[in-house]
Amino acid sequence: MRTSDDLAGLLRALRRRHARHQGDGELTYRELAARTGWSHTAIAEYLTGKTLPPTDRLDALVRLLGATPAEQGALATARDRIEESRRRAPRTPDRLVPRQLPADVASLAGRDDELALLDKLVAAPTAVVVAAISGTAGVGKTALAVHWAHRVAHQFDDGQLYVNLRGFDPRGQALSAAKVLHGFLDALGVPAARVPADLDAQAALYRSALAGKRVLIVLDNARDAEQVRPLLPGTSTTVVLVTSRNQLTSLVSLDCAHPIPLGLLSRDAASRLLTNRLGAERVAAEPEAAEAIIAACARLPLALSIAAARVQQSGFPLGTLATELGTAGRRFGVLDAGDAVGEVRAVFSWSYTALAPPAAGLFRLLGLHPGPDITVAAAASLAGLPAEGTHRPLTELTRANLLAEYRPGRFTAHDLLRAYAAELSDGTDPEPDRRAATTRFLDHYTHTTHTADALLRPHSDPVDHLMTPPAAGVHPERPTTHAEAMAWLTAEHPVLLAALRQAAGAGFDAHTWRLGRALDTFLDRQGHWHDRVETCKAALLAAERLGDPVAQAVAHRFLAGAHTAVNRYADALGHLERALDLYLRADDAEGEARTHQNLASLWDRQGEPRKALEHSKRTLVLAEAAGHRRAQADALNAVGWCHAQLGEHPAALAYCEQALALLQQLDDRAGEAATWDSLGFAHHHLGQYGRAVECYERTLELTRDLGDLWGEADTLSRLGDTRHALGDPTSGRADWQRALDIFTALNHPDAAAVRAKLQLL
């Protein structure tokens with residue numbers, strides 16, 4: 001036996017003998033590949049003599065084919081002699097197997113899910129596997145692709161092809177498919193003279209050269225599907241990995257590519273990346289600075305890598321870098337590694353310059369928006385365009401991964417991209433245009449919040465004071481039901497707080513007052529009391545700058561309510577006294593009545609029912625004199641509640657029943673809920689427990705519809721008391737537990753009293 005052909009003949013004979021002994025057909029190349037984990041191309045080359053099997057593979061193969069120990073030894077010896085004779089014989093150049101992958105990354109953090117998905121895609125391919133990794137600039141697409149390619153390179157015996165398609169090259173020199181095909185065909189051993197001039201013919205030759213071969217192809221930094229499509233092979237033995245800043249929707253829909261969107265690192269993964277680069281000891285020594293660096297870099301791998309390199313080169317503490325990154329206007333200067341590829345601003349610019357003008361203009365304006373996300377309607381107002389004219393640029397920005405549509409109709413960008421957009425706007429858009437855009441989105445949120453608030457509490461103070469028509473190009477949203485209003489406010493809650501802070505900081509005082517006032521009911525009912533304090537303080541400062549005494553009085557009242565909710569009673573009293581003084585000076589009887597009602601609530605919260613009753617009666621007199629039925633109904637309930645707190649329950653029922661009748665005429669569900677609760681309390685203390693349960697259950701129905709979490713918990717606590725008095729401790733305990741759950745979620749001090757009741761059981 002002198003050649004690999006001779007050895008291959010013996011292997012084929014073993015395969016035939018194995019088939020006879022098994023009573024079945026010969027094992028196919030694909031079956032042998034599946035059992036060994038090798039490619040069927042490698043199996044074919046071993047059994048046809050084109051390739052001499054490595055010693056370990058020959059041993060495994062002959063055992064699989066049923067060779068006896070003596071045959072195994074003889075075949076191994078024969079193989080070694082063939083290899084030895086090859087060493088002594090004059091060498092001819094072997095076929096060059098392409099190994100074009102760039103160097104692997106030193107460490108990859110936080111991409112376990114994506115790596116597992118790639119492993120799954122290539123586990124049992126039945127067609128060409130194409131995986132399209134997309135994500136924003138600097139998110140680590142190439143690092144993931146190259147790392148996974150190195151991890152699985154041993155599965156591709158016929159080599160790995162790699163090309164940087166330069167789809168977002170700053171010089172605009174994206175590689176053509178023809179140029180890439182020339183390079184790949186050369187790597188696959190096709191003589192240059194055989195390469196045709198026509199692109200389609202080149203692609204056909206390329207597919208022929210790959211037929212039956214186990215090859216991994218990495219097409220990095222693609223601009224679009226058109227650039228990639230001619231480079232796709234036609235055999236299931238190949239796997240293609242494409243990376244792009246664009247989503248390559250066409251490649252997914254028409255070529256069955258598997259989309260693998262790559263997002264920002266998790267906080268833990270970002271910490272691991274920083275630790276891998278700087279060492280655990282250094283990061284552990286300055287944990288707060290490390291967290292600040294991670295936040296300033298928006299968990300973007302490129303930014304984190306540059307930041308870590310700056311620390312390594314300078315030797316400065318992490319705190320120094322964190323301070324530089326947190327200094328306004330310095331962040332992008334710090335995140336500069338000295339060339340275009342290693343500068344975050346430049347890397348972002350390659351995506352931005354590829355945008356059509358409408359999308360580029362909208363991207364810059366998004367830098368003015370406070371975030372954290374934006375809807376189509378709000379983006380339209382920001383740009384001063386109709387909603388239908390905003391869909392196309394938003395879609396373009398999303399496909400370019402400069403925005404992410406993380407929920408249907410809601411778009412977001414990470415902090416570094418937002419900072420880049422703001423920098424672009426500052427350097428490109430005239431200041432009057434920027435201020436006009438800010439006015440438009442503040443108008444959008446203020447007017448929509450006003451509409452929503454009117455649906456939550458249609459009989460509350462009017463919020464039309466200082467309201468002006470929205471600017472041209474603004475299209476406020478129009479919720480029409482209580483449920484729609486709650487849904488909109490819940491979704492926009494963080495955006496509205498950010499918008500109010502921006503308005504207050506930029507001198508938009510009328511917007512600040514109106515938005516703060518319109519948010520009050522929602523924040524109160526949902527238990528966002530600290531947010532409520534913040535917004536009311538901002539509204540009061542804005543009203544004082546405006547010099548409007550009525551706006552100031554309203555702001556003092558609402559800030560007092562916010563302080564009362566968090567048990568800051570002294571602060572609340574001071575603001576109510578100031579509001580009362582302003583209303584008296586303005587001869588505003590309605591405002592005076594409302595302030596007395598606020599004072600009654602404040603004294604009631606402090607366990608002073610006689611003082612509360614005094615202010616409630618004053619409210620009732622003023623409301624009746626002014627003919628204000630809504631204030632009159634509230635005052636009747638408040639007087640009744642105070643009588644109940646004083647143990648005067650028949651009087652309480654009389655006042656509360658008058659209030660209920662008037663509130664039902666007015667269709668005021670919030671006032672009705674409060675009055676049913678008062679009636680329940682009075683019936684309980686008269687020993688009429690069954691009637692008390694009915695009243696409390698009606699209260700719960702209304703508070704749940706209103707989204708009033710604190711009101712629901714407060715009533716559940718009293719309902720539990722009544723059920724215990726009825727001899728139903730199981731139901732009572734359930735009511736208390738639900739009340740405790742709500743109070744705990746709201747971080748409200750009333751949780752302590754309910755917890756004590758449960759402990760007594």
### Task
Treating the angle as unsigned and between 0 and 90°, give the value, to the nearest 10°, between the Cα long axis of helix 482-505 and the longest Cα principal axis of the chain.
90
### Task
Treating cross-link reach as a plain straight distance, find the aspartates and glutamates whose alpha-carbon is under 17 Å from the alpha-carbon of LYS179, omitting any fewer than eight places away in the same chain.
ASP169, ASP198, ASP200, ASP220, ASP224, GLU226
### Task
Please sort 583-591, 630-638 by packing, taking for each peptide the average over its residues of neighbouring beta carbons within 10 angstrom, highest first.
630-638, 583-591
### Task
With unit charges on the beta carbon (Lys/Arg positive, Asp/Glu negative), name the residue among HIS444, THR375, THR521 whose Cα is farthest towards the positive pole of the charge dipole of the chain.
THR375
### Task
Please report ASP708, ASP169 as a ranked list, fewest other C-beta atoms within 10 angstrom at the top and most at the bottom.
ASP169, ASP708
### Query
What is the magnitude of the charge dipole of the stretch 112-261 about its Cα centre, with +1 placed on the Cβ of each Lys and Arg, -1 on the Cβ of each Asp and Glu, and no other charges, expressed in debye to the nearest 20?
200
#### Entry: Percent of Cα pairs exceeding the 19 Å cut-off, where the set is the stretch 267-345
24
### Query
Which value results for Rg/Rh of the stretch 346-456 when Rg is the Cα radius of gyration and Rh the Kirkwood radius based on the inverse mean 1/r?
0.97
### Message
Stokes-Einstein diffusion coefficient for the stretch 681-761 at 4 °C in a medium of 1.567 mPa s, Rh from the Kirkwood formula over Cα pairs: what value in µm²/s?
### Response
104
### Summary
Taking Cα atoms, the helix 649-666 axis meets the longest principal axis of the chain at an angle in degrees (rounded to 10) of 60
### Query
Quick one: putting +1 on the C-beta of Lys and Arg, -1 on the C-beta of Asp and Glu, what dipole do you get for the stretch 267-345 around its Cα centre, in Debye to the nearest 20?
140
### Query
Going by a ≥ b ≥ c, the root eigenvalues of the Cα gyration tensor, does the stretch 112-261 fall in the rounded group (a/c under 1.5), the prolate group (a/b larger than b/c) or the oblate group?
oblate
### Message
So if I place +1 on the C-beta of Lys and Arg and -1 on the C-beta of Asp and Glu, and nothing else carries charge, what would the dipole magnitude of the chain be about its Cα centre? I want it in debye, nearest 20.
### Response
3520
### Query
Among 404-414, 128-138, 660-670, what's the highest-first ranking by average C-beta atoms within 10 angstrom per residue?
128-138, 660-670, 404-414
#### Entry: Other-chain or far-sequence residues with amide H under 5 Å of VAL218's (modelled H)
LEU161, TYR162, VAL163, LEU241
### Message
Straight-line reach only, C-alpha to C-alpha below 27 angstrom: list the lysines that LYS120 could link to, leaving out same-chain residues fewer than 8 apart.
### Response
LYS141, LYS213
### Query
What is the set of long-range amide H partners of GLU343 at a cut-off below 5 Å, with H atoms built 1.01 Å from backbone N?
ALA337
### Query
Which is farthest toward the positive dipole end of the chain among CYS297, ALA572, HIS475, measuring Cα position about the Cα centre, with Cβ charges +1 (Lys, Arg) and -1 (Asp, Glu)?
CYS297
### For ARG207, net neighbour charge (Lys/Arg +1, Asp/Glu -1) across residues whose Cβ lies under 13 Å away
+1
## Note on the structure
Sorted by chain and number, the residues with a modelled amide H under 5 Å from that of VAL130, at a separation of 5 or more or across chains, are VAL240, HIS258
### Angle in degrees between helix 141-152 and the longest Cα principal axis of the chain, rounded to the nearest 10
50
### Query
What list of ³J(HN,Hα) values in whole Hz, one per residue of the stretch 390-401 in order, does the Karplus curve 6.51 cos²θ - 1.76 cosθ + 1.60 (θ = phi - 60°) give from phi, with Gly and Pro shown as x?
9, 4, 4, x, 5, 5, 5, 5, 5, 5, 7, 6
### Summary
Given the candidates VAL242, PRO287, SER271, the one whose Cα lies deepest towards the positive end of the charge dipole of the stretch 240-293, counting +1 at each Lys or Arg C-beta and -1 at each Asp or Glu C-beta, is VAL242
### Task
Provide the per-residue ³J(HN,Hα) series for the stretch 277-291, in order, calculated from phi with Karplus coefficients 6.51, -1.76, 1.60 and θ = phi - 60°, each as a whole number of Hz, with x at glycine and proline positions.
7, 10, x, 5, 5, 5, 5, 5, 6, 9, x, 5, 5, 4, 5
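Read-outs: derived from the displayed coordinates by stated rules, not from any lab. Keep in mind the model is a prediction, meaning the values are calculated, not measured. Note: ideal-geometry Cβ built from the backbone for every residue, glycine included; neighbour counts use all protein chains shown.
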